[in-house]
Every structure is written in C-alpha cells, then in structure tokens.
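Written below as structure tokens is the structure these notes are about.
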Amino acid sequence: MTDDIGALIDEWHAQADEDRPAATTPEVGIIMGSDSDLDTMAGAYEALKKLEFAEQTDYANPPEARFTFESYVVSAHRTPDLMYAYGETAAARGLDVIIAGAGGKSADLPNMTASIAYPLPVIGVPVQEKSVDSVIGMPTGAPIVAVDAGKSYNAALSAVQILGREHDELVARLDAIHDDRRAGVAEVSRALHDRGIDGFRDRQE
Ligand code: RP5
C-alpha cells in the first residue's frame, strides 16, 4: 500500500504482530468519524484523564501510567479499509475495549467496528441526536453497547467498568469519582436549604 491510509493500515498490522505485553499497550481505543467529532468525544478524554489514564501517542514508547488510551480518526464511509483494519487488529494490538463515535444520519463507524472487532466490546457514541438509531440499530447476534447522544463521558466510564473486572485499582478509582459526585450533591443540597433559594441564587451569580 502506498498512500497514507495504507501506511496506517500497515502500521496497525505490524503492531498486531509485535505481541507486546498488555501493560505497554493502550487498553482503550477511541475512534471517531471525523475530527469535527472531537469536541463531542472530548468527554471520553475528560473521564479517562480523571481516572488517571494517559494518552499513548507512540505505540512503541508507552507513557509511565499503567492504563492508557489512544485516539484516531477513522471514517466508515470515506476509509472503510481503515475501519476494517482498526477493528481487525484491535485485540492483537492489546486493546480491551473500543469507544467509537460518529455523527450524521448514517453513523456507521460504531456499529461496523463492533461487528469487525467482535468479540471485543465496542461502546458507541452517537455524536448527534439523529445518529442514535444508526448507532444502536444492530440485528440480533451483532451486539453493540451504546450511550445516549453526545454522552462520551459515560462511554469512558463504561469502558473502565469493563476493565475493572480485571483490575481492582480501576474499581477503586471509579468508586472515588462516584463518591465525589455524591459529595457534590450533598454540598449543593445543604447550600440550597441553608441559604434558601434567593440566597443560593445570589451566591451563584
Ligand atoms: C460523520 O460525518 C462524522 O462522524 C461526522 O460527525 C460527520 C461530518 O464529518 P465531516 O464532514 O466534518 O468530516 O461521518
């Protein structure tokens, strides 16, 4: 293969053949149909960073963090060969779960990647409301896990829940951010009650 897409495909296949130890490869792969999806997919980055995942930008030189993710743009319609290669090599490259986001009415990247990468779990993120049916509309026997439109943050939490079945430290991190959320509700609840609605609103302005 000669073009840049071909070079990426060749690279992934070569990495799949390397058989690197699990601790040195990304656990989570984030793919999106276009870089215009990035703002919506950023929630996944936010959640993963909160859970102390580092972004692995060089497959051969992993960051120090034990848990990592990688990200790529993979368009189902413009580069179906790239999508196929990503799904096909994902498990051998060490990924445990893929988060795939796409927008538009024909948001096929998540569902097609789920079929290609099966039995690796794929969590679909409909980038827009109109993409929901396309992402979740899979026939019986062709599973995908999906979140609501735009909820890439939740997709990352779900990905880490899956990883947590193998790694107790991730369960502890998930518990910690859940506790933070509970504490946040307790704080505003008390502030609302104790200051009263007018006082609470005044403080927020
Ligand atoms: C989809 O089409 C992408 O996932 C994106 O949401 C949408 C528009 O893509 P661009 O034209 O911005 O590249 O495939």
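The values are calculated or read from the model by the stated rules, or taken from the named source; none is laboratory data. Note that the coordinates shown come from a computational prediction; the quantities given were computed from them, not determined experimentally. In this analysis, Cβ positions are derived from the backbone assuming ideal geometry, glycine residues included, and neighbour counts consider all displayed protein chains. Please note that ligands, DNA and RNA were not included when accessible areas were found on the heavy atoms of the full protein model with its side chains. Shrake-Rupley method; radii C 1.70, N 1.55, O 1.52, S 1.80 Å.
Within the chain, what whole-number % of the accessible surface is contributed by carbon and sulfur, with the 1.4 Å probe and all protein chains included in the calculation?
On the way: 5440 of 11140 Å².
Summing carbon and sulfur atoms, their accessible area is 49 percent of the total for the chain.
Per the helix-only calculation at 222 nm, which mean residue ellipticity applies to the chain, given -39500 (n - 2.57) for every DSSP H run of n ≥ 4 and division by its residues, nearest 500 deg cm²/dmol? That calculation yields -16000 deg cm²/dmol at 222 nm. Applying 0.36 nm per residue to the separation of Ala191 and Ser34 and subtracting their alpha-carbon distance, the gain on full extension is 52.3 nm. Sparsely packed loop sites in the stretch 36-78 (the GluC sites (Glu not before Pro) outside DSSP H, G, I, E and B with at most 14 other Cβ atoms within 10 Å) comprise Glu52, Glu64. Computed from Cα atoms, the angle from the helix 152-164 axis to the main principal axis of the chain rounds to 70 degrees. In a GNM of the chain with a 10 Å cut-off on Cα contacts, which of Thr113, Thr79, Thr25 has the highest mean-square fluctuation? Residue with maximal mean-square fluctuation among Thr113, Thr79, Thr25: Thr79. Its convex hull of Cα atoms gives the chain a direction-averaged projected area, equal to a quarter of the hull surface, of 14.0 nm². Please list the non-local residues whose amide H lies under 5 Å from the amide H of Ser71, H modeled 1.01 Å from N, same-chain partners needing a gap of 5 or more. For Ser71, the qualifying residues are Ile30. On a per residue basis, the chain carries 54 Å² of accessible surface, using protein heavy atoms and a 1.4 Å probe. Close Lys pairs in the chain, defined as Cα atoms under 23 Å apart and 8 or more places apart or on different chains, number 5. Summary value for the chain: 21 percent relative contact order, contacts being C-alpha pairs under 8 angstrom separated by 6+ residues.
How much net charge surrounds Gly94 when only the other residues with a Cβ under 11 Å from the Cβ of Gly94 are counted, with Lys and Arg +1 and Asp and Glu -1?
-3
For the chain, the longest principal axis of the C-alpha atoms and the axis of helix 38-50 are separated by about 70°.
Classify the stretch 7-61 as rounded, prolate or oblate, taking a ≥ b ≥ c as the square roots of the eigenvalues of its Cα gyration tensor: rounded when a/c is under 1.5, otherwise prolate if a/b is larger than b/c and oblate if not.
Oblate, since a/c reaches 1.5 and b/c is not below a/b.
Along the chain, counting only trypsin sites (Lys or Arg not before Pro) with a DSSP assignment other than H, G, I, E or B and at most 11 other Cβ atoms inside a 10 Å radius, the longest segment between sites is 1-104.
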